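Okay, structure first, notes after.
The values are calculated or read from the model by the stated rules, or taken from the named source; none is laboratory data. Just so we're clear, the structure is a prediction, and the values are computed from it rather than from any experiment. Here the Cβ positions follow ideal geometry from the backbone for every residue, glycine too, while neighbour counts run over all protein chains shown.
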Amino acid sequence: MYVYDEFDRSFLQERVVEFRDQVARRLSGELTEDEFKPLRLMNGVYLQLHAYMLRVCIPYGTLSAPQLRALAHVARRYDRNYGHFTTRQNIQFNWIKLEELPDAMADLAKAGLHGIQTSGNCIRNTTTDPWAGATPEELEDPRIYAEVIRQWSTNHPEFTYLPRKFKIAITGAQRDRAAVRVHDVGLRLHKRDGEIGFEVMVGGGLGRTPYIGKTIREFLPKEHLLSYLEAILRTYNLGGRRDNIYKARIKIQVHEMGAEEFSRRVEREWEETRDGALKLDDETMADIRSRFITPDFEKLPDNPLELTIEQDPAFLRWKANSIVPHKEPGHAILTISLKPVGAPPGDATADQMDAIADLAERYGYGEIRVSHEQNLILPHVRQKDLPTLWRALDALGVATPNVGLVTDIISCPGLDYCALANTRSIPVAQRISERFSDLERQKEIGLLHLNISGCINACGHHHVGHIGLLGVEKKDEEFFQITLGGKGNSKARLGSLIGPAVAESEVVDVVERLVDTYLALRTSPQESFIAAVERLGIDPFKESAYAPR
Amino acid sequence: MTSPLQRKLKITGPTVVTANRLRDGIVVWLKADGVWSEDLPEAAVGNTADEVLDLLDIAQADESIAVGAYPARVNIGEDGAVVPGTLRERIRCSGPTVAYGEAVAAS
């Protein structure tokens, strides 16, 4: 956990005072809506279909137990007793009243939380691996660098009014769990000649014009992270389009200019600044590292007796699905599925948040993570406590063993909440989840990422779902385009459209036919859905999806 | 001189003017007396571009009560009841089509 210093705490307090004044002036009529809108957006406040929505930043997806309790408090006191965890590791409250927002923000600030950099054309919250600092496959904890980026980017005078929003993701592990190739900038820590540095990817993104990011520098020494990012941002800020909102992201600039030319311009800019004030020195890095509290891990054996004597089949199924190895012996990383059968993906009630905070404090060194798959993670739990944790989570309704399976659906809020959406997403997710609710069947199907977006803005990451569903509206009826073969990992690829959009009433049947086709054609249970699609292409799936009934 | 708004406004049937209330964001509709209501059946219905433009003028003249006003198509039932004309407006009128929060946790 990173602990804010006095500067950060004062900054948040001042922001609350400033926002309280802005809200008062808007409510009194002193500020017009046109004047107020950019101010509220700088604090994560949107106006959605039914109410204001507050998006709270969860820096690099890391929460302390008191912070999760603060979120529960906001849900309970100012909203309708729940929150929605997002695909950018943040949380949204859907029913906040403008007149109560300053108080909600004041309560959040007491826990070091805020809505800064969750909206507007600025550098957004940097996202990262939810297993950071816990997984044995990690080269270095990427959150240190995410925090460096936070300190550099917050209120950066040059980059507060970019052509469009700007999203950075960073991974320090071999397996990419941060989808770095579909971000404006993706950073991957890797080792070359014994030195650790970054591979820098630029111009990835989803939305209406999806692209996989291009590597513009294979190896960037770590001390140059900020100067190089600044060179990228400056190249974008000066040359990115401001005449057309749909062409204003950096991915369009990189695509139109070509990655080589973009890279050349960045390098030229960087040569001017690389050894300037932004060069990261050991003292700065040591100071930031020192503010990350690393748990004092107990010395424990792997596979303790408490774990091995628990033979309840439901526990064994959950353990096999939701637990992965930790870097410390006797510990584990636990994923809490926020995808119970038939529930809105990524939602948690205030009571669930409070209870999970208690469990994290008691069994998980007080830390919680949010994944871009919209689940929560206890990154450091003792293996001996797993049976107890399972029972507690099961009692809360968040122990469904479906992590990574077909019902672990990523879904945007869709037209049930969002002012931009064309179709609903949640009801489709719920019906798919119910159709595939049988746990044996899910296990038989194996790894399958199904992502749903209610409009072309792609907040549900449908382009990188093994199966992607995109809602489109035709004459006030809901239809869904289906893509196959997308993936968001280190070998990221955009899914291929299999044919015409299908009616909302048919989409669950079509998804089931796609899954059945995979089961019929796979070479063995070891061949995953995505591997089968890559081997077979989309034709056999297309044939079964559109076969006359 | 015709304003750009007038040139663009195309009315295809009975239409109301809707917005979100400034202080809490909830959905409201404009009544004939220029006051905002939380109940769609109380909304003033325009049937021509001129009628709807007049309502929009009233709505947009003062954004101290409601913001983001726009015209929304409605249907008029045989009994004269005013109901939303699109899925989006049905959801705005009646709330999310899915259970949420504790209603989900309890189910």
Q) Looking at B:103, B:32, B:99, which is the one that is at the interface with chain A (Cβ under 9 Å from one of its Cβ atoms) and either among the polar types (S, T, N, Q) or surrounded by fewer than 20 Cβ atoms within 10 Å (Cβ to Cβ) (or both)? A) B:99
**Q.** Check on residue A:398, assigned to a loop (DSSP other than H, G, I, E, B), in contact (Cβ under 8 Å) with a residue 24 or more places away in the chain and within 10 Å of another protein chain (Cβ to nearest Cβ)
**A.** yes
Q | Selection within segment A:186-199 - over 18 Å from the mean Cα position of the chain (by Cα) and buried (at least 24 other Cβ atoms within 10 Å of the Cβ) | A | A:198
Q. Of all residues in segment B:24-69, which are small (Gly, Ala, Ser) and either on the phi < 0 side of the Ramachandran plot or touching an Asp or Glu at 6+ places or on another chain (Cβ under 6 Å) (or both)?
A. B:32, B:37, B:43, B:44, B:46, B:49, B:59, B:61, B:64, B:66, B:69
Q | Extreme residue, farthest from residue A:410 (Cα to Cα), among residues of segment A:85-100 that are at the interface with chain B (Cβ under 10 Å from one of its Cβ atoms) and in contact with a strand residue (DSSP E or B) (Cβ under 9 Å, 6 or more places away or on another chain) | A | A:98
Q: Just one of (1) within 14 Å of another protein chain (Cβ to nearest Cβ); (2) in contact with a helix residue (DSSP H, G or I) (Cβ under 7 Å, 6 or more places away or on another chain) trips up residue A:16, so point out which.
A: (1)
(Q) Can you confirm whether residue A:40 is touching a helix residue (DSSP H, G or I) at 6+ places or on another chain (Cβ under 7 Å), part of a helix (DSSP H, G or I) and not aliphatic (A, V, I, L, M)? (A) no
Q: Output the residues belonging to segment A:497-521 that are without any contact (Cβ under 8 Å) to a residue 40 or more places away in the chain, more than 20 Å from residue A:473 (Cα to Cα) and surrounded by fewer than 19 Cβ atoms within 10 Å (Cβ to Cβ).
A: A:513, A:516, A:520, A:521
Q: Would you check if there is a residue in segment A:149-168 being surrounded by 23 or more Cβ atoms within 10 Å (Cβ to Cβ) and either modelled with pLDDT under 95 or part of a strand (DSSP E or B) (or both)?
A: yes
Q: Hey, could you check segment A:346-372 for residues that are buried (at least 22 other Cβ atoms within 10 Å of the Cβ), within 11 Å of chain B (Cβ to nearest Cβ) and not β-branched (Val, Ile, Thr) and say which is farthest from residue A:70 (Cα to Cα)?
A: A:347
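Residue-wise test of (1) more than 26 Å from residue A:411 (Cα to Cα); (2) surrounded by fewer than 23 Cβ atoms within 10 Å (Cβ to Cβ).
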{"position": "A:15", "(1), (2)": "yes, yes"}
{"position": "A:44", "(1), (2)": "no, no"}
{"position": "A:49", "(1), (2)": "no, no"}
{"position": "A:69", "(1), (2)": "no, yes"}
{"position": "A:75", "(1), (2)": "no, no"}
{"position": "A:78", "(1), (2)": "no, yes"}
Q) Of all the residues that make up segment A:217-262, how many are buried (at least 17 other Cβ atoms within 10 Å of the Cβ) and under 20 Å from residue A:279 (Cα atoms)? A) 15
Q. Taking segment A:283-321 on its own, how many of its residues are among the aromatic types (Phe, Trp, Tyr) and outside any helix (DSSP H, G or I)?
A. 2
Q. Is it the case that segment B:69-90 has a residue that's touching a helix residue (DSSP H, G or I) at 6+ places or on another chain (Cβ under 6 Å) and either within 9 Å of chain A (Cβ to nearest Cβ) or closer than 20 Å to residue A:76 by Cα (or both)?
A. no
Q.
For the list (1) surrounded by fewer than 18 Cβ atoms within 10 Å (Cβ to Cβ); (2) in contact (Cβ under 8 Å) with a residue 60 or more places away in the chain; (3) facing chain A (nearest Cβ under 10 Å), I need the number of the one condition that residue B:64 fails.
A. (2)
